[in-house]
1. Using θ = phi - 60° and the Karplus curve 6.51 cos²θ - 1.76 cosθ + 1.60, what whole-Hz ³J(HN,Hα) does each residue of segment 62-77 get, with Gly and Pro shown as x?
2. Given +1 on the Cβ of Lys and Arg, -1 on the Cβ of Asp and Glu, and no further charges, what dipole in debye does segment 2-92 carry about its Cα centre, rounded to the nearest 20?
3. Please list, ordered by chain and number, the residues whose modelled amide H lies under 5 Å from the amide H of Lys11; skip anything fewer than 5 residues away on the same chain.
4. In angstroms, what radius of gyration and Dmax does the chain have, counting Cα atoms only?
5. Would you work out which of Val53, Ala28, Met82 lies farthest towards the positive end of the dipole of segment 2-92? Charges go on Cβ: Lys and Arg +1, Asp and Glu -1.
6. By how many nm would the segment from Val87 to Thr68 grow when fully extended, if each residue of separation counts as 0.36 nm and the alpha-carbon distance is taken off?
7. Between helix 15-29 and the chain, what is the angle of the helix's C-alpha long axis to the longest principal axis, kept within 0 to 90° and rounded to the nearest 10?
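Each value in this text was obtained by applying a stated rule to the coordinates, not by laboratory testing. For clarity, every value in this text was computed on a predicted model and none was experimentally measured. Every residue, glycine among them, receives a Cβ derived from its backbone with ideal geometry; neighbour counts consider all protein chains shown.
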Amino acid sequence: MLIVHVHVHVKPEAIEAFKQATLENARASVQEPGVARFDVIQDMQDPAHFVLVEVYRNDEAPAMHKETAHYARWRDSVADMMATPRVSEKFTNLFPPDSGW
């Protein structure tokens with residue numbers, strides 16, 4: 001499995017619109033066969049900081065995700081909401097060894 005954390009800092013005035021667009025994208029993303037999980041979390045200390053926790057079943061799934069219409073809609077709709085460019089970090093799963101996702 002491949003786990004990607006995408007850190008997004010949005011403009012304070014765009015928090016609600018960003019949440020709405022991102023939750024819509026997340027709901028569609030979990031329907032993709034290569035996506036095991038797609039969590040959207042918001043920093044309690046800094047409400048303008050979000051982390052998307054994307055768990056993919058294989059190394060090809062992120063590229064397939066980026067080809068979907070819902071991802072393109074999200075990407076385009078939130079571009080001007082970001083205070084800084086988003087940053088992603090990639091991880092590999094160690095435990096549980098086979099989560100069954």
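1. After applying 6.51 cos²θ - 1.76 cosθ + 1.60, I find x, 5, 5, 4, 6, 8, 7, 5, 5, 5, 4, 4, 4, 3, 6, 6 Hz.
2. Values: 10 positive and 14 negative charges, 22 e Å.
Using only the charged Cβ atoms, the result is roughly 100 debye.
3. Those lying under 5 Å, H to H, from Lys11 are Met82, Ala83.
4. Cα only, the chain: 13.6, 41 Å (Rg, Dmax).
5. The listed residue farthest towards the positive side: Ala28.
6. So the extension gain works out to 4.8 nm.
7. 20 degrees
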